[in-house]
């Protein structure tokens, strides 16, 4: 018998209450802190309404240094509560401002996590307005863990290879939800039935939906009240 537990609150505060080595897998995609790239020109309103991301309660407006420190704290807490056999699937992407790239690798390598692999998520296209560089059609999924060896691995999942061609989800109830296929593949690869999966930035509950389908326990944390209600109704808890 599996369980689903949803928590309305700040992920760092809530994870601090969780015991060491209690989670088999973390699957998550944090806010990207892209506030400087947000556009509002009136003559392009329809375009910016489609492309700007509003995370609700979360302000998503930090300096690069503060954002990196926050993400290091999040990753360190994920690592602390992760079992030695566990893994972390961390969805993020390079951030570009004034033509300069800041990569998540810069803070991942400063965390306590072991960096094991990077998956390329090919979204199959994007809406881009300003042709100043090669348009990016991909995001990254970083595979992290507490240790480099000895983690749970179901070898059948190797069939997915390192480039995942998956169309993004429509913006129905969350501005930046990832498709269910992403947590599904991670759960299939790094857990067994009855294991426990955590998403500290649960959003509308996509990781939880994948857990229900695959008979895994799920713990989701979400700070925004409206997104939390959506996840709760979707997961029927």
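Please pick out the residue among 75, 82 that is under 15 Å from the mean Cα position of the chain (by Cα) and either surrounded by fewer than 18 Cβ atoms within 10 Å (Cβ to Cβ) or modelled with pLDDT of 90 or more (or both). Selected residue: 75, the only one of 75, 82 that is under 15 Å from the mean Cα position of the chain (by Cα) and either surrounded by fewer than 18 Cβ atoms within 10 Å (Cβ to Cβ) or modelled with pLDDT of 90 or more (or both). Counting just the residues of the range 126-178 that are more than 30 Å from residue 21 (Cβ to Cβ) and modelled with pLDDT of 95 or more, which one comes out surrounded by the most Cβ atoms within 10 Å (Cβ to Cβ)? That would be 166. Scanning the range 187-204 for residues that are in a strand (DSSP E or B) and surrounded by fewer than 24 Cβ atoms within 10 Å (Cβ to Cβ) yields a single hit, 196. Is there a residue being in a loop (DSSP other than H, G, I, E, B) and either over 22 Å from residue 180 (Cα atoms) or touching a residue at least 12 places away in the same chain (Cβ under 8 Å) (or both) anywhere in the range 73-93? Yes, the range 73-93 contains at least one residue that is in a loop (DSSP other than H, G, I, E, B) and either over 22 Å from residue 180 (Cα atoms) or touching a residue at least 12 places away in the same chain (Cβ under 8 Å) (or both). Restricting the range 113-125 to residues that are part of a loop (DSSP other than H, G, I, E, B) and at negative phi leaves a set whose member that is modelled with the highest pLDDT is 113.
Do the conditions hold for residue 211, that is, is it in contact (Cβ under 8 Å) with a residue 12 or more places away in the chain, touching a helix residue (DSSP H, G or I) at 6+ places or on another chain (Cβ under 8 Å), crowded, with 23+ Cβ neighbours inside 10 Å and closer than 23 Å to residue 235 by Cα? When the stated conditions are applied, residue 211 passes them. Based on this model, can you work out whether residue 26 counts as touching a helix residue (DSSP H, G or I) at 6+ places or on another chain (Cβ under 8 Å), surrounded by 20 or more Cβ atoms within 10 Å (Cβ to Cβ) and either at pLDDT below 95 or not in a helix (DSSP H, G or I) (or both)? So residue 26 fits the description; yes.
The values are calculated or read from the model by the stated rules, or taken from the named source; none is laboratory data. Since the model is a prediction, treat every value here as computed from it, not as a measurement. So basically every Cβ, Gly included, is an ideal-geometry build from the backbone, and we count neighbours across all protein chains shown.
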